[in-house]
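Some notes on the structure that comes next.
The values are calculated or read from the model by the stated rules, or taken from the named source; none is laboratory data. Please read these numbers as outputs of a predicted model, since none were measured by experiment. Quick reminder, even Gly has a Cβ in these numbers, built from the backbone with ideal geometry, and neighbours come from all protein chains shown. Accessible surface is based on the protein model in full, side chains and every heavy atom, while ligands, DNA and RNA are left aside. Shrake-Rupley method; radii C 1.70, N 1.55, O 1.52, S 1.80 Å.
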Amino acid sequence: LGAHEEAIAQLRSAVALGRRDSEVHAALGAALVRLGRYDEALIAFDQASAAADDADVRATVDHAIARVHDRRGEWGLAQSHLESAVEAIGGGDLGRRARVLADLALVLHRRGLTANARATAASAQQSGDTAGDTAAAIQAMNVLGMIALADGDQRGAE
């Protein structure tokens, strides 16, 4: 906990000294999330998004914002930011796309949008497999397993 507090102080000092780029604000947001200070983290991530100068950075920030909203149970907001992140990634980094899609599938599942969640998780698994990103493909398969279990399909969940 002390390391995160120290990191926050140093990052805030960097901002006060005029360093207002997206990287500093995103790092500040991440440190604040680790301490559960979600309101402050969202402000830092919003500042990171405003300072972002390319789609890749915006995708990273939108994904981080979505995770905060997901933790708070604000699934509509999480979905919106995850969809923005997927759009920003486009057809680029398929492994990264797979991880964002898997998170989106989980949020859709939590919102009760089962068919969309299943299709999104399947797309995430395919992207992960295509990219050779085993961790991303497994993340998607975990979501597919949760959806199957919620549907009462024990065999499919396994």
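Normalised by 2.2 N^0.38 Å, where N is the number of residues, the alpha-carbon radius of gyration of region 1-127 equals 1.10. Relative to the longest principal axis of the Cα atoms of the chain, helix 114-131 runs at roughly 70 degrees.
If you place +1 on the Cβ of every Lys and Arg and -1 on the Cβ of every Asp and Glu, how big does the dipole about the Cα centre of the chain come out, in debye to the nearest 20?
Values: 16 positive and 22 negative charges, 59 e Å.
Its charge dipole is roughly 280 debye.
Please compute, over every Cα-Cα pair in region 1-74, the percentage with a separation greater than 22 angstrom. Of all Cα-Cα pairs in region 1-74, 18 percent lie more than 22 Å apart. If you run the Gaussian network model on the chain, springs between alpha carbon atoms under 10 Å, then out of Ala136, Ala52, Ala148 the most flexible one is Ala148.
In Å², and per residue, what accessible area does region 33-153 have when probed at 1.4 Å with the other protein chains present? Intermediate values should be presented prior to the final figure.
On the way: 5860 Å² over 121 residues.
For region 33-153, the per-residue accessible area is 48 Å².
Counting only protein heavy atoms and a 1.4 Å probe, tell me what percentage of the chain's accessible area is made up of carbon and sulfur. Let's see the in-between values first.
On the way: 4070 of 8270 Å².
Here carbon and sulfur together make up 49 percent of the probe-accessible area.
If I take R0 = 41 Å and measure r between the Cβ atoms of Ile43 and Arg155 in this structure, what FRET efficiency does the formula 1/(1 + (r/R0)^6) give, to the nearest 0.05? It comes out at approximately 0.35. Surface calculation, 1.4 Å probe, protein heavy atoms: Thr120 sits at approximately 20 Å² accessible. According to the calculation over all Cα-Cα pairs in region 57-158, the P(r) per 10 Å bin from zero is 19, 48, 29, 3 %.
With r as the distance between the Cβ atoms of Asp129 and Asp54 and R0 = 22 Å, compute the FRET efficiency 1/(1 + (r/R0)^6) and round to 0.05. The partial results should precede the final answer.
Working: r = 27 Å, r/R0 = 1.23.
Result of the calculation: an efficiency of 0.20.
Sites count as exposed loop sites when they are trypsin sites (Lys or Arg not before Pro), lie in a DSSP loop, and have at most 13 other Cβ atoms within 10 angstrom; the longest stretch of the chain without one is 73-158. Size descriptors for region 48-100 (Cα atoms only): Rg and Dmax, in that order, 10.6, 30 Å.
Can you give the calculated 222 nm mean residue ellipticity of the chain, where each DSSP H run of n ≥ 4 adds -39,500 (n - 2.57) and the sum is split over every residue, rounded to the nearest 500 deg cm²/dmol? Could you put the intermediate results ahead of the total?
Details: 9 runs with 130 residues, N = 158.
Helix contribution divided over all residues of the chain: -26500 deg cm²/dmol.
Of the residues Leu77, Leu17, ranked by 1.4 Å probe accessible area with the largest first, the sequence reads Leu17, Leu77.
Its relative contact order, with pairs defined as Cα atoms under 8 Å and 6+ residues apart, puts the chain at 13 percent.
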